[in-house]
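Undergrad: Here it is: the structure, laid out below.
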Amino acid sequence: MKYPIKMNRKFFSLLAAAAIVTSAAAPAAYAAPKDSKSDNGKGRTYELTIMHTNDTHAHLDNVARRINAINQVRAEKKNTLLLDAGDVFSGTLYFNEYKGLADLEFMNLVGYDAMTFGNHEFDEGTSTLANFVKAADFPLVSANVNFSKDANLKKSFHESTTKHPEDGNIYNGIIKVVNGEKIGIFGLTTAETKDISSPGEDVVFETYIEEAKQAVADLEKQGANKIIALSHLGFDDGGGDNDLTLAKEVEGIDVIVGGHSHTKLEAPVIDRTGEEPTVIVQANEYSKYLGTVDLKFNKQGKVTEADGKLIDLDQKNADGTYVIPDNPQAAQILETKYKPAIVAKQQTVIGKTTVDLIGGNPPARTGETNLGNLITDGMLAKAKTINPDTVIAFQNGGGIRTTVPAGDITLAKVLEIMPFGNALAIMKLTGAEIKQALETSVKDAPSPFGGFLQVSGLKFTYDSSKPVGQRVQTIEVKEDGTNYVALDPNKTYVAANNIFTAKGGDGFDVFAQVYNEGRVSEPGFVDWETFSNYVGSFENKTVSPSVEGRIVDLAKQ
């Protein structure tokens, strides 16, 4: 399917929205009509394939398949780039054990061309990040992060764009020459990082729009008319900066390779706000996909065609084998050098419980449980360190997969409770929206429902005998962290959630609307690690949570 370049704005918006849900097997394509004035005849079209990853978060169990997929694309395409849009750090035990250097060995092995910084690259300060940068066999780019005063990274940092980037160094932007053509690449990192991670006072996050404009101008001065923004802003993130705004505000960007919001763009989204189209791509999360986009440029560097898809790295054949086999070299490195320590680490005891922690189906999907209380209390505590105004936390019962018997709590058991690796989200909700969400939560009661919300900082009553949508009877909130007061439907509250539910998972349309309106911040922080750290904060790392009457079905009274 080819999209003509001359279309009205409203029609284009509909096409862009459709592109988000297009099947990866049959991605939408963008094509401009032939223009003899700009193409100047045959032989002027330049083709480039960008392979891209983002938010891999130390998910290395399928890295050998990722490498094989990259090699297959390179074998099929003449001109290629391999880029990462940040958040290699944090998320699995591979990071806890190897601090990003395991991921980096595989990135070096397959030959990434450039990477930008995600917010989680700063989770352990710049000393850990500096070790990663120093060992990288590729340059890193971020036009709006200034490391000139940071003791660990200032020697690697160059506040400039360059035609001659050196591996293990940081630049505002770089130029890569691919088959004789100059490709400009610059990076952007969300300014939220200073609030949601630990970069330190000496790392400065500058205004992303202004820095992007300057980076484009600098790259164009050096002869690049095909420009890629490697962005860790989020596709439509509500934190104050995102790719949709970038595309509209900054002229001259041909492609935005995105990250941060974990958005699954199965086909490119095209923004036509300026004189030339901007192609936006993002490849979801956790190394589930290798993103690819095939581009055609005319002589002036304008994108005339864009056709992209996500390659499913975990897809299986009917016999259970993977469609994409392992790269043998990468598989051997993973199995012998890195995986044994991870298997051993899963047996680590992170704490103890004096009581059974009740989860699973149906308990966590039908009523309040002590494990649901413990998990949401931990989410609320973590969210408060990021936004002190947070007063509520929600966790869908379907994300609490099992019960933990009294005794030692191992990491393996925590990962069994929370196998999805859902990240933290912070939402701004009105009282009326909270009530609507709670009505959705109890719509199937007393039958089990995966969207049944466990809560912290809030208590409510409902009557499962009443019609759906009219069941919630009372709602109270601990606004001061201690005392419950009645929920005000007109007041705005800050609430922690997991990103699955915050985006509307389990049928929470009200949350989806809030997300789409930009009222959700995505600091990240994976659920199992937040829980483990919370348990570890108790005296002797021992917990004894109870059911407190946070959720009461009046029909059972």
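The values are calculated or read from the model by the stated rules, or taken from the named source; none is laboratory data. None of the values given here were measured: they were computed from a predicted structure. Here Cβ is always computed from backbone atoms with ideal geometry, including for glycine, and neighbour counts include all displayed protein chains.
Undergrad: Across region 397-410, what is the number of residues that are farther than 21 Å from Phe508 by Cβ, at pLDDT 95 or above and either assigned to a loop (DSSP other than H, G, I, E, B) or not charged (D, E, K, R) (or both)?
TA: Filtering region 397-410 for residues farther than 21 Å from Phe508 by Cβ gives 402-410.
So of that shortlist, the ones also at pLDDT 95 or above come out as 403-410.
Subsequent filtering for residues that are either assigned to a loop (DSSP other than H, G, I, E, B) or not charged (D, E, K, R) (or both) retains 403-407, 409-410.
Count: 7.
Undergrad: Would you mind stating whether Gly301 is over 23 Å from Glu439 (Cα atoms), surrounded by 14 or more Cβ atoms within 10 Å (Cβ to Cβ), assigned by TED's automatic domain parsing to the domain that holds Ala58 and over 28 Å from the mean Cα position of the chain (by Cα)?
TA: Criteria met by Gly301.
Undergrad: Give me the residue from region 184-207 that is hydrophobic (A, V, I, L, M, F, W, C) and in a strand (DSSP E or B) and, out of that set, farthest from Val255 (Cα to Cα).
TA: First, the residues of region 184-207 that are hydrophobic (A, V, I, L, M, F, W, C): 185-186, 188, 191, 196, 203-205.
Pick out the ones that are also in a strand (DSSP E or B) and you get 185-186, 188, 204-205.
On the way: Ile185: 10, Phe186: 11, Leu188: 13, Val204: 25, Phe205: 22 Å.
So, considering only residues that are hydrophobic (A, V, I, L, M, F, W, C) and in a strand (DSSP E or B), the one farthest from Val255 (Cα to Cα) is Val204.
Undergrad: Go through (1) at pLDDT below 95; (2) outside any loop (DSSP other than H, G, I, E, B); (3) more than 25 Å from the chain's Cα centre (by Cα) and name the single condition Glu416 misses.
TA: (3)
Undergrad: Looking at Phe132, Phe138, Phe95, can you tell me which residue is in a helix (DSSP H, G or I) and at pLDDT 95 or above?
TA: Working: Phe138 fails: in a helix (DSSP H, G or I); Phe95 fails: at pLDDT 95 or above.
Testing whether each residue is in a helix (DSSP H, G or I) and at pLDDT 95 or above leaves just Phe132.
Undergrad: Mind checking whether some residue in region 319-341 is among the acidic types (Asp, Glu) and surrounded by 14 or more Cβ atoms within 10 Å (Cβ to Cβ)?
TA: Within region 319-341, one or more residues are among the acidic types (Asp, Glu) and surrounded by 14 or more Cβ atoms within 10 Å (Cβ to Cβ).
Undergrad: Inside region 26-82, can you point out the residues that are over 17 Å from Leu104 (Cβ atoms), outside any helix (DSSP H, G or I), at pLDDT 95 or above and among the acidic types (Asp, Glu)?
TA: Matches in region 26-82: Glu47 only.
Undergrad: For the structure I just gave you, tell me whether Asp236 is out of contact with any Leu (no Cβ under 7 Å at 6 or more places or on another chain) and of a type in the set (D, E, K, R).
TA: No, not satisfied.
Undergrad: Just to be sure I understand the filter: pairs with C-beta atoms under 7 Å, separated by 6 or more residues or on different chains, first member in region 52-68 and not assigned by TED's automatic domain parsing to the domain that holds Gly259 and surrounded by fewer than 24 Cβ atoms within 10 Å (Cβ to Cβ), second member assigned to a helix (DSSP H, G or I) and small (Gly, Ala, Ser). Which pairs pass?
TA: Hits for this filter: zero, empty list.
Undergrad: Among the residues of region 215-234, is any in contact with a Pro (Cβ under 7 Å, 6 or more places away or on another chain) and closer than 22 Å to Lys78 by Cα?
TA: The answer is no, given that none of the residues of region 215-234 is in contact with a Pro (Cβ under 7 Å, 6 or more places away or on another chain) and closer than 22 Å to Lys78 by Cα.
Undergrad: Also, I was wondering about something else. Which is surrounded by fewer than 23 Cβ atoms within 10 Å (Cβ to Cβ) and either β-branched (Val, Ile, Thr) or not assigned by TED's automatic domain parsing to the domain that holds Phe538 (or both), of Thr369, Thr376, Thr385?
TA: Exactly one of Thr369, Thr376, Thr385 is surrounded by fewer than 23 Cβ atoms within 10 Å (Cβ to Cβ) and either β-branched (Val, Ile, Thr) or not assigned by TED's automatic domain parsing to the domain that holds Phe538 (or both), namely Thr385.
Undergrad: Mind listing whichever residues of region 271-311 are closer than 17 Å to Ile253 by Cα and of a type in the set (Val, Ile, Thr)?
TA: Scanning region 271-311 gives Thr273, Thr278, Val279, Ile280, Val281, Val293, Val303, Thr304.
Undergrad: Can you tell me how many residues in region 133-152 are hydrophobic (A, V, I, L, M, F, W, C), in contact (Cβ under 8 Å) with a residue 40 or more places away in the chain and surrounded by 18 or more Cβ atoms within 10 Å (Cβ to Cβ)?
TA: Within region 133-152, residues that are hydrophobic (A, V, I, L, M, F, W, C), in contact (Cβ under 8 Å) with a residue 40 or more places away in the chain and surrounded by 18 or more Cβ atoms within 10 Å (Cβ to Cβ) number 5.
Undergrad: Still on this structure, I have one more. Give me the strands (runs of 3 or more DSSP E) completely within region 208-293, filtered to those with at least 1 residues that are in contact (Cβ under 8 Å) with a residue 24 or more places away in the chain, polar (S, T, N, Q) and in the same structural domain as Gly187 (by TED's automatic domain parsing), ordered by residue number.
TA: Hits in region 208-293: 226-232, 278-281.
Undergrad: Can you list residue pairs whose Cβ atoms sit under 8 Å apart, with the first residue in region 452-464 being touching a residue at least 40 places away in the same chain (Cβ under 8 Å) and among the polar types (S, T, N, Q) and the second being surrounded by fewer than 24 Cβ atoms within 10 Å (Cβ to Cβ) and part of a strand (DSSP E or B)? Count only pairs 6 or more apart in sequence or on different chains.
TA: That search, which allows pairs on different chains as well, returns Thr461/Val472; Thr461/Gln473; Thr461/Thr474; Thr461/Val552; Thr461/Asp553; Ser464/Asp553.
Undergrad: Considering region 141-172 alone, what residues qualify as being hydroxyl-bearing (Ser, Thr, Tyr), touching a Ser or Thr at 6+ places or on another chain (Cβ under 7 Å) and not in a strand (DSSP E or B)?
TA: Initially, region 141-172 is screened for residues hydroxyl-bearing (Ser, Thr, Tyr), giving 142, 148, 156, 160-162, 171.
With touching a Ser or Thr at 6+ places or on another chain (Cβ under 7 Å) added as a condition, the list becomes 142, 171.
The answer is Ser142, and nothing else.
Undergrad: Here is a list: Leu411, Leu429, Leu424, Leu415. Which entry is assigned by TED's automatic domain parsing to the domain that holds Asp463 and either more than 30 Å from Leu104 (Cβ to Cβ) or of a type in the set (Ser, Thr, Tyr) (or both)?
TA: None of the other options fit; the residue is Leu429.
Undergrad: Further, regarding this structure: Test Gly378 against the stated conditions and say whether it is touching a residue at least 24 places away in the same chain (Cβ under 8 Å) and assigned to a loop (DSSP other than H, G, I, E, B). Spell out the reasoning first.
TA: On the way: touching a residue at least 24 places away in the same chain (Cβ under 8 Å): yes; assigned to a loop (DSSP other than H, G, I, E, B): no.
So Gly378 does not fit the description; no.
Each row is one residue, and each column tells you yes or no for (1) among the aromatic types (Phe, Trp, Tyr); (2) within 28 Å of the chain's Cα centre (by Cα).
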residue	(1), (2)
Phe297	yes, no
Asp314	no, yes
Lys337	no, yes
Thr354	no, no
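Undergrad: Something else now. Go through region 316-331 and give me each residue that's among the aliphatic types (A, V, I, L, M) and without any contact (Cβ under 8 Å) to a residue 40 or more places away in the chain.
TA: Ala318, Val323
Undergrad: Return yes or no: is Leu290 surrounded by 24 or more Cβ atoms within 10 Å (Cβ to Cβ) and either more than 23 Å from Ala130 (Cα to Cα) or of a type outside the set (Gly, Ala, Ser) (or both)?
TA: So Leu290 passes the test.
Undergrad: Kindly establish whether Asn540 is surrounded by fewer than 19 Cβ atoms within 10 Å (Cβ to Cβ) and closer than 22 Å to Leu371 by Cβ.
TA: On the way: surrounded by fewer than 19 Cβ atoms within 10 Å (Cβ to Cβ): yes; closer than 22 Å to Leu371 by Cβ: yes.
Yes.
Undergrad: State whether the residues of region 347-354 include one that is closer than 16 Å to Phe235 by Cα and touching a residue at least 40 places away in the same chain (Cβ under 8 Å).
TA: No, region 347-354 has no match at all.
Undergrad: For region 353-361, does any single residue satisfy the condition of being closer than 23 Å to Phe508 by Cα and at pLDDT below 95?
TA: Yes, region 353-361 has at least one match.
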